[in-house]
6 protein chains.
Amino acid sequence: MPPYDEGVRAKLMSISTATLTTALFKRGFRNTFICGISIINANAPRMVGPAYTLRYIPAREDLDHIRVFEDREHPQRKGVEECPPGHVFVIDSRKDHSAASAGGILVTRLFKRGAAGIVTDGGFRDTPDIGKLPFPAYHAAPSAPTNLIRHHAIDVNVPIGCGDVPVFPGDIVVGDGEGVVVIPLYLAREIAEEAFEQTVFEDFVYDKVVEGSSIFGIYPPDPEALQEFDAWRRKVGR
Amino acid sequence: MPPYDEGVRAKLMSISTATLTTALFKRGFRNTFICGISIINANAPRMVGPAYTLRYIPAREDLDHIRVFEDREHPQRKGVEECPPGHVFVIDSRKDHSAASAGGILVTRLFKRGAAGIVTDGGFRDTPDIGKLPFPAYHAAPSAPTNLIRHHAIDVNVPIGCGDVPVFPGDIVVGDGEGVVVIPLYLAREIAEEAFEQTVFEDFVYDKVVEGSSIFGIYPPDPEALQEFDAWRRKVGR
Amino acid sequence: MPPYDEGVRAKLMSISTATLTTALFKRGFRNTFICGISIINANAPRMVGPAYTLRYIPAREDLDHIRVFEDREHPQRKGVEECPPGHVFVIDSRKDHSAASAGGILVTRLFKRGAAGIVTDGGFRDTPDIGKLPFPAYHAAPSAPTNLIRHHAIDVNVPIGCGDVPVFPGDIVVGDGEGVVVIPLYLAREIAEEAFEQTVFEDFVYDKVVEGSSIFGIYPPDPEALQEFDAWRRKVGR
Amino acid sequence: MPPYDEGVRAKLMSISTATLTTALFKRGFRNTFICGISIINANAPRMVGPAYTLRYIPAREDLDHIRVFEDREHPQRKGVEECPPGHVFVIDSRKDHSAASAGGILVTRLFKRGAAGIVTDGGFRDTPDIGKLPFPAYHAAPSAPTNLIRHHAIDVNVPIGCGDVPVFPGDIVVGDGEGVVVIPLYLAREIAEEAFEQTVFEDFVYDKVVEGSSIFGIYPPDPEALQEFDAWRRKVGR
Amino acid sequence: MPPYDEGVRAKLMSISTATLTTALFKRGFRNTFICGISIINANAPRMVGPAYTLRYIPAREDLDHIRVFEDREHPQRKGVEECPPGHVFVIDSRKDHSAASAGGILVTRLFKRGAAGIVTDGGFRDTPDIGKLPFPAYHAAPSAPTNLIRHHAIDVNVPIGCGDVPVFPGDIVVGDGEGVVVIPLYLAREIAEEAFEQTVFEDFVYDKVVEGSSIFGIYPPDPEALQEFDAWRRKVGR
Amino acid sequence: MPPYDEGVRAKLMSISTATLTTALFKRGFRNTFICGISIINANAPRMVGPAYTLRYIPAREDLDHIRVFEDREHPQRKGVEECPPGHVFVIDSRKDHSAASAGGILVTRLFKRGAAGIVTDGGFRDTPDIGKLPFPAYHAAPSAPTNLIRHHAIDVNVPIGCGDVPVFPGDIVVGDGEGVVVIPLYLAREIAEEAFEQTVFEDFVYDKVVEGSSIFGIYPPDPEALQEFDAWRRKVGR
């Protein structure tokens, strides 16, 4: 089975980034959550998809003037038109949100082209408009200035860092209301399956805690709690 | 009279953190507001209660693995089960939100156990869930990764720093929509009473300013304004 | 024609800060957007007006005690009572939000006096109250402590820096849901007119992109797109 | 007696900034040491003198071009020619060392004009040259770019912040190998005298500690230690 | 054999912190080097010894006044008199160097008492004096103000964080001209032995590279290079 | 004439980075000096040469283990063996000095291979050894940990950012005791020539200022000063 397919995607759509980071931590991965960013549209759907990347380096005044966008090979514009449907557009902006990584028109275009979401460790412009799209967009802060002021688009779909997390093209990027986690492609199925099971278990624990149970003995569970979990699972049909 | 009792608590429930910091400043306290954190659930009730603390130091890979939670003496878990009802659980996370200070299950357990709120100078995980509880939780940023990645729980209920503010167990911790202030226990009654009176006065000033009054002569008040305030106070019955 | 009048103001009320920064960038201005601040009341009206400034330096314990506010020449208080209607009150707090730049009463007073908005690169106190006013207020973070703890008010209406952006008294300050941009007074009309036209064009592009158009050929536009834009403009009557 | 004269200066030349901050702390001053800067020329003489200030705001591209230096009223150039002999030139660069506050030629000119030293919370350029002058210069980091890139000189000899410390023109600025402390003018004599005495006492303590004494009983001193100190003082003639 | 004795100490005295971090990394330890600090006296001897710790929390104005030092139980003073000879005094200053962690007299006393060195993630005062002692002292920046301004000494010899590195009392702390590394006590012998061997090997590689050798085949070594290394080792008698 | 040859190199060897940034600023370049780094060996020769680059992204635990260095295609090792003589090895470490960009052996190898210098916006390890080489090495801070802990080497000789400055392979990189400036290749000759002339002029100004001249009229020069400069130039034969 491939490491990522529709079944894996469906599972990941129902798992929190918190649970995913724990499954990754158990395999030795400590640096998979992109710190310092948040979602613009809290009502957007969950975000799951393979990474398609854009790399910025710092701008240079002679290279980054307003006419560069006339070039269809400009990596930002080219990337927006080439990012495959279902993919997440991930931008390395060197954690600099003093100018925008992209704006409302390009984000809308990505949405229309069927992208699964967009992530930058910098900022977006036109955020009041982006906030109205049913499209998950994650950034560090609103940033009105055009990218040309600070960012020079140099590459598409190469390995990058985003918020100090390594992102390789094709890695599975998952976002929820908490933030964004990056899963190495080859582990996506394994992580999705384990985290899916863990989610069921934690839902059981939530139920118990809401009923007044102590966390001792159930989180983590002792043998008795595991039995009770099995019964609960049969009862709720999960 | 004890420095903190139900009457003091009731007064503090109606006073803003802004007014409290001024009363503390008049007594020479300049560093009582925890900067850099915000409330997750804006609809949660006010938070007032004595501090119960948890201290983290940086994690170490050989000590902080997933099985540590099986130990009922693990300070994070033990603290959550021991924090007395009515207390505020305050965590020293060294202002590091790259991994979580606690997650949804533990916060729910604290809520069920009757804690008054939870504060960290790091971040929480499962924040979409925490945001739905009628429970005040303050942090710096959402942080999906398990605490084990960055934080080693070492002590409960010792003096700590939280967001550069000193917090001693038993200090009175007050939170509103603006943030969190820490009052030395022995001053709680005195501060509550002065700030309560100041709140009544500032409500009068607001009324005046909304009616179009200049701030000169009323904020701070001249003798005439004080007379007018007395009349207003009798009229509104406060 | 003067660089700023009611007509310019009306145009600026309908233009995004993103579009304004691009018009300024074309004239060589790279540093006009105040990074690191956000609006408190998302439902407030747009903010447009000339800058009236307040300058803080760091506080000194012997000078900044609670009785300074009795002095009607205290620059913060004097500024609030002198800022002309229609102006934006802009505060240089040296990007330090560990104490407040101003609080709810003063902000309400400014609102009542007809100011167009208030901006600090520090923080405000009483933010839950400020958030209920129909008045745009921009800051870095809520900050309960009185300004006296960290800020010494020293001057009104002198050139300042606010969030690393130069602000001269009279510069035109524009704020929307994204943030705040500062336009040199002498350029206000020229920028407003160009950005107004650009806004119309970008609305056309949005329409096209929502309909499924590629950005190539329309953003920036080729001759064919320009023709189509002219037709659209006549059709929608803009 | 005036708060500052040659006698006060002579005393301050022999007192460490550490000892001065303690004398200031005893009077309630907590914020007098400029953090984050260091001396360029470790072999320069001590620095003592009244503050003469320069205030920068952020640069603006249309105002800050290479020809501004032709104007003899340009505040940076004017300040360098006007700063009185014996004074310390203190620059508010908003803690931004991405462009220079001044360079080798201006620093040399200040030295030749008899200034006592120069301090910025930004950076200097031509630091290899400045490092060879017998002249104390304090900054945050070397910074080759001309000030025009980031700093707009706006005022001379107004109150400023330097490294988060308030500096009023005429305040007494003292620098040693550790850093720079700012003493309110009216306290200069009182602080100098107390700190001078404290320096004698701490020299005695050093002697004792080097001989193997515990700090208990001597630092702070018990009555016996005070007697011993009196004897030591007579013996060494201080 | 105990994990630390004179033989282990002697080995560690000749190994660089760089080589130690690699040996620790091979065992899964990624966070053992204290970033952001440097040595004051570059001519001081190497530093090797078990950690003795001091923990600060933020200061509180009513608790941290000048007379606290009269109390022989004050943790800073007590720690300086109790730290065993051969130990390294390690201070948790929460990475805050706006006030001193300790000063010249206490550092001299530690030196006279036979301590192996002193480390803070804050700053020291009296650094010109400390820089003349033949004693390794590591800090982030010189800081003239007394600790009372920012730091409240609360505990000695408890687990702490220092510069984001966990430090348990008794851990072996090693410092060279590059910085400071913390080795869990139980691993000290094992790490010392492996790193000692690695140091011999890297000296061989240096020799080869200085002679003009490529790094390919020798760093890491292929079988031929290992043979050559054996020969070299016999020749130089190591 | 090519933009860079031995004559250009010779000129650049005698020009300060300060003077170069001004020549670049006159052509609209504001961002050419790499902030936040310094030279390790103050006695090393000046550094001039074309950039050869190495790009790091954040490390990933499964990819960055100790055995990767056995691969001769590992970009760090390959880069060190391929960087042409006379070139400057410039590393994009994302301004992260929590692990090393390179160490003493590789830097020595580069030196032996005839490189002109090495620059990172992170840190080097084995800095006490590097400090003894007659080879310019610039970094942010010493960093003992192996690069594998934080950095994954991904590319050689692609455009990068280094300390927020864009660096394209072949750009001319110049370093002196103040820091490092990056000159776009096509401008190298033009900048070198203008800055060379400016250096002669500023040497004249230094002479004048040392003799006691005001800066007014000579810096910038009025016509009389230009005449005097011409005379001086003939006299000193430059």
*Index of the failed condition, D:THR17 passing every other in (1) more than 12 Å from the chain's Cα centre (by Cα); (2) not assigned by TED's automatic domain parsing to the domain that holds D:GLY117*: (1)
*For B:VAL182, which of the numbered conditions (1) within 11 Å of B:LEU12 (Cα to Cα); (2) within 18 Å of the chain's Cα centre (by Cα) fails to hold?*
(1)
*asked:* For the structure I just gave you, tell me whether C:ILE34 is touching a Phe, Trp or Tyr at 6+ places or on another chain (Cβ under 6 Å), closer than 26 Å to C:PHE124 by Cα and within 14 Å of chain A (Cβ to nearest Cβ).
replied: no
*asked:* If I ask for residues that are out of contact with any strand residue (DSSP E or B) (no Cβ under 6 Å at 6 or more places or on another chain), assigned to a loop (DSSP other than H, G, I, E, B) and among the β-branched types (Val, Ile, Thr), which ones from region E:1-45 would you list?
replied: E:ILE15
*Restricting attention to region C:63-75, does a residue exist that is more than 19 Å from C:ALA115 (Cα to Cα), among the β-branched types (Val, Ile, Thr), at pLDDT 95 or above and in contact with a Ser or Thr (Cβ under 9 Å, 6 or more places away or on another chain)?*
no
*Can you pull out the residues in region B:57-92 that are closer than 25 Å to E:THR21 by Cβ and within 22 Å of the chain's Cα centre (by Cα)?*
B:ILE57
*Please work out if E:ALA51 is of a type in the set (Gly, Ala, Ser), at pLDDT 95 or above and within 14 Å of the chain's Cα centre (by Cα).*
yes
*Give region B:46-61 a look and list any residue that's in contact with a strand residue (DSSP E or B) (Cβ under 7 Å, 6 or more places away or on another chain), over 14 Å from B:PRO184 (Cα atoms) and away from chain C (no Cβ under 14 Å), or say none.*
B:THR53, B:LEU54, B:ARG55, B:TYR56, B:ILE57, B:PRO58, B:ALA59, B:ARG60
_Being within 7 Å of another protein chain (Cβ to nearest Cβ) and either touching a strand residue (DSSP E or B) at 6+ places or on another chain (Cβ under 7 Å) or touching a residue at least 40 places away in the same chain (Cβ under 8 Å) (or both) is the filter here; which residues of region E:101-121 pass it?_
E:GLY103
*Taking B:THR108 as meeting all but one of (1) outside any strand (DSSP E or B); (2) surrounded by 24 or more Cβ atoms within 10 Å (Cβ to Cβ); (3) among the β-branched types (Val, Ile, Thr), write down the number of the exception.*
(2)
*Take region E:125-158 and flag every residue that is of a type in the set (Gly, Ala, Ser) and under 17 Å from E:ARG77 (Cβ atoms).*
E:ALA153
*Is it the case that region D:210-218 has a residue that's out of contact with any Lys or Arg (no Cβ under 7 Å at 6 or more places or on another chain) and within 30 Å of D:GLY170 (Cβ to Cβ)?*
no
*Please work out if C:LYS95 is in contact (Cβ under 8 Å) with a residue 12 or more places away in the chain, part of a loop (DSSP other than H, G, I, E, B), in the same structural domain as C:PHE168 (by TED's automatic domain parsing) and within 20 Å of B:ASP164 (Cβ to Cβ).*
yes
*Please state which one of E:ILE215, E:ILE183 is β-branched (Val, Ile, Thr) and free of Cβ contacts under 8 Å to residues at least 24 places away in the same chain.*
E:ILE215
*Working only within region A:8-22, note down all residues that are in contact (Cβ under 8 Å) with a residue 24 or more places away in the chain and more than 9 Å from chain B (Cβ to nearest Cβ).*
A:VAL8, A:ARG9, A:LYS11, A:LEU12, A:MET13, A:SER14, A:ILE15
*Considering only residues of region E:79-92 that are surrounded by 23 or more Cβ atoms within 10 Å (Cβ to Cβ) and free of Cβ contacts under 8 Å to residues at least 60 places away in the same chain, which is farthest from E:ASP155 (Cα to Cα)?*
E:HIS87
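Name the residues in region F:111-127 that are touching a Phe, Trp or Tyr at 6+ places or on another chain (Cβ under 6 Å) and assigned to a strand (DSSP E or B), would you?
F:ILE118, F:VAL119 - these are the residues of region F:111-127 that are touching a Phe, Trp or Tyr at 6+ places or on another chain (Cβ under 6 Å) and assigned to a strand (DSSP E or B).
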*Would you say D:VAL173 is surrounded by 18 or more Cβ atoms within 10 Å (Cβ to Cβ) and closer than 30 Å to E:GLU73 by Cβ?*
no
*Among the residues listed as E:PHE25, E:PHE124, the single one being facing another protein chain (nearest Cβ under 10 Å), more than 25 Å from D:PHE33 (Cβ to Cβ), over 15 Å from the mean Cα position of the chain (by Cα) and not basic (Lys, Arg)*: E:PHE25
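The values are calculated or read from the model by the stated rules, or taken from the named source; none is laboratory data. It should be emphasised that the depicted structure is a prediction, and the values quoted were computed from it without experimental measurement. Backbone-built Cβ (ideal geometry, glycine too); neighbour counts: all protein chains shown.
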